[in-house]
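Structure first, commentary second.
Throughout, read-outs are computed from the coordinates displayed, never taken from laboratory work. Remember, it's a predicted structure, so these values are computed and weren't measured experimentally. Here the Cβ is made from the backbone with ideal geometry for all residues, glycine too, and neighbour counts use every protein chain on show.
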Amino acid sequence: MIVLDSVSKNFPGASHFAVRDLSLEVHEGEMVALVGPSGCGKTTTLKMINRLIEPTSGSIFMDGRNILKNDPVQLRRGIGYVIQSVGLLPHKTIRQNIATVPRLLGWDRSKIDARVQELMEMLSLDGELLSRFPAELSGGQRQRVGVARALAVDPPVMLMDEPFGAVDPIVRARLQDQFLELQQTLRKTIIFVTHDIDEAIKMSDRIAILNKGGVLERYDTPEAVLREPGSEFVAMFVGEERGLKRLALIKVADIELEAGPVVSSSDAVEEALAKMAAADSDWASVLEKDQLKGWVESSALIGHSLVSEVTPVPFAARVTPTSSLREALDSIVTSRTRVAVVTSQDGRYLGTLTAGKISKEIAG
Amino acid sequence: MTLAAEPLIEWEWVVSHQGEILMRLGEHLTLTAIAVGIGLLVSLPLGVACFRVKKLYPPVTWVTGLLYTVPSLALFAFLVPYTGLTTLTAEIGLVSYTLLILIRNIVEGLGSVPAETKEAARGMGLSRRQILWKVELPLALPVILAGIRIATVTTIGLVTVTALIGKGGLGYFILQGLRRFFSTSIFVGALLSVAVAMGADGLLLLVQRFFTPWSRRRMTG
């Protein structure tokens, strides 16, 4: 656990505090984003945790120990530090870059080699890159090498400064997804700085929003911040479309599904039409046992005796419990039935979601 | 005496004197190597100190600049009463001419290392000394080696002047030729001196490439 206790930083000669009286707690295994406008002291805060910048006052504890009272060089070797791709040593090969901290700690060669291989695989980097120099890699590859280097000695704590900043949006989204997946298994305590609120919402367990002069405006989960910004500054900072952004954070599994109009393929048409009328619907999902086969309109059934005589129309999109409400809404607005149909991974019908239901969930 | 009929280079002379020519060539190279070597030993700590303590740089530049502008002849004339017609006298002069170039390139080289790279190294837990030896100096190497090349080529030219105090390597032949109106000797001294300078420049360029592979391999496409 990392605790910042009334930490302030006033740079010599500056008229304003860069960070003022900042208290923050980061739990073990938690990923926290520091966000805010430029000049809010987010990078200063991050650098105070590995003492690249010394606080003017206050204390910082890591696992109960005051880090300001220990050797900063030793402290830094125990913290993974990721900065934009420029942070790789340009005159060292990728192998040497990743091996930097293990070598400082005096690991033997075979242990270093094994760890480097492991990290390359973990970050899906081609082993061929090991003998190259950073300038010979793409931006996305360099970024991943930066993460691999920070993970080299498996530190429990990682500090990341705009870790996905220097790449184009497509690569960034892919790196973010890959990193989230990695974090699922690694469970590191991570503090990262970003100017991109959407990145913070997507990546973090909690967001710390700082205002100019390093004043903490809000520290909560992305969902809570979006639901209730609490102040005009935070509302402005998280930006437009708060509702839509929240949809991306809530999973379909988190809300109660509606039963939806359902018929069985073994039903007689009369029976099926009665079910639709009862549900006040002119269409219904067609199930074979519990598997979703598609949907039929009531008008298509007329003239037949069994539902199975009519080929069901496949749904254009299905969502699963792990999908976000945003994906569900997308499915609703693009589907002719105006609902999102929810199935399990193996195609078992679970229910439906309507725009009204989602709206009720968001509005509270 | 029919001067005009004499050929510019008498090859028989060259052949009969090849032993002496090789000896003077060796002397020339030794004088140069010692001068640049000592120059580097003096410049490295001074350059690093000037880079870290910015206040030191202007006075150091002033002194080495002054040394650089003193005519070499005058410098030797000034030193001889104290140190005599010795290698020491020659080297004091030669070394002092390398300092300005070497120190300036060391300071500029260190200054060209990106701040982000140094901070990343610090953030990973490298000590100040490790950052100097493992990050700053290696990254400054192309600029420092460029300085060494200029200093070497300059020194090779200057060594010929030390012939006046009885040293001089290939300069000995130039001086001898001037005294005797013997063009072969002048040409041998001058041409070999130029050849040595070009050879040394080329060799150092190869050394630079060898030690800084990262600076020429770039991503293509």
* Whether the protein assembly as shown is rounded, prolate or oblate, judged on the alpha carbon gyration tensor where a/c under 1.5 counts as rounded -> prolate
* With springs connecting C-alpha atoms under 10 Å apart, model chain B as a Gaussian network and identify which of B:111, B:166, B:125 has the largest mean-square fluctuation. => B:125
* To do: Quickly estimate the mean residue ellipticity at 222 nm for the protein assembly as shown, helices only: each DSSP H run with n ≥ 4 gives -39500 (n - 2.57), and the total goes over all residues, rounded to 500.
  => -15500 deg cm²/dmol
* **Estimated dipole of region A:1-109 in Debye, rounded to 20 [Cβ of Lys and Arg +1, of Asp and Glu -1, Cα centre]** => 540
* Asked: Comparing A:332, A:190, A:94, which has the greatest mean-square fluctuation in the GNM of chain A with Cα pairs linked when under 10 Å apart?
  -> A:332
* Rounded to whole Hz and in sequence order, give me ³J(HN,Hα) for region A:18-34 from the Karplus expression 6.51 cos²θ - 1.76 cosθ + 1.60, θ = phi - 60°, writing x for Gly and Pro. => 7, 9, 10, 6, 8, 10, 7, 10, 10, 6, 5, x, 9, 10, 10, 9, 9
* Structure fact -> With a 29 Å threshold on alpha-carbon distance, the violating pairs from A:212/A:251; A:275/A:360; A:245/B:118 are A:212/A:251; A:245/B:118
* Quotient of C-alpha Rg and 2.2 N^0.38 Å, computed over chain B -> 1.24
* Taking amide H positions as placed in the peptide plane 1.01 Å from N, state which residues far from residue A:262 in sequence (5 or more) or on other chains have amide H under 5 Å from it. => A:285
* To do: Pick out, from A:259, A:332, A:312, the residue whose Cα sits farthest towards the positive end of the charge dipole of region A:231-364, with +1 on the Cβ of Lys and Arg and -1 on the Cβ of Asp and Glu.
  => A:332
* Just name one of A:210, A:159, A:200: the one whose Cα is farthest towards the positive end of the charge dipole of region A:143-254 (beta-carbon charges, Lys/Arg +1, Asp/Glu -1). => A:159
* To do: State the answer as a single residue: which of A:180, A:321, A:276 lies farthest towards the positive end of the charge dipole of chain A, with beta carbon charges of +1 for Lys and Arg and -1 for Asp and Glu, about the Cα centre.
  => A:180
* Structure fact -> Using alpha-carbon positions, the gyration tensor of region A:169-210 gives root eigenvalues a ≥ b ≥ c; with a/c under 1.5 called rounded, otherwise prolate if a/b exceeds b/c, else oblate, the class is oblate
* Asked: Between residue A:280 and residue A:223, 0.36 nm times their residue separation minus their Cα-Cα distance comes to what?
  -> 17.0 nm
* Could you list which residues have their amide H under 5 Å from that of residue A:18, counting only those 5 or more apart in sequence or on another chain, with H placed in the peptide plane? => A:9, A:10, A:11
* Of all DSSP beta bridges in the protein assembly as shown, antiparallel share, percent nearest 5 -> 60
* Cα gyration tensor category, rounded, prolate or oblate, for region A:34-88 with a/c compared to 1.5 -> oblate
* What list of ³J(HN,Hα) couplings, whole Hz, do you get for region A:78-84 from phi and the Karplus terms 6.51, -1.76, 1.60, once you set θ to phi - 60° and write x for glycine and proline? -> x, 10, x, 10, 10, 10, 3
* Kindly provide the pair-distance distribution of region A:222-308 built from C-alpha pairs, with 10 Å bins from 0 and whole-percent values in order of increasing distance. => 16, 31, 15, 16, 16, 6, 0
* **Top of B:154, B:83, B:98 by mean-square fluctuation, Gaussian network on chain B, Cα under 10 Å** => B:83
* **Interchain or long-range residues, amide H under 5 Å from residue A:221's placed H** => A:207
* Structure fact -> Karplus-derived 3J(HN,Hα) from phi for region B:197-202 (6.51 cos²θ - 1.76 cosθ + 1.60, θ = phi - 60°), whole Hz, x at Gly and Pro, runs 4, 5, x, 5, 4, x
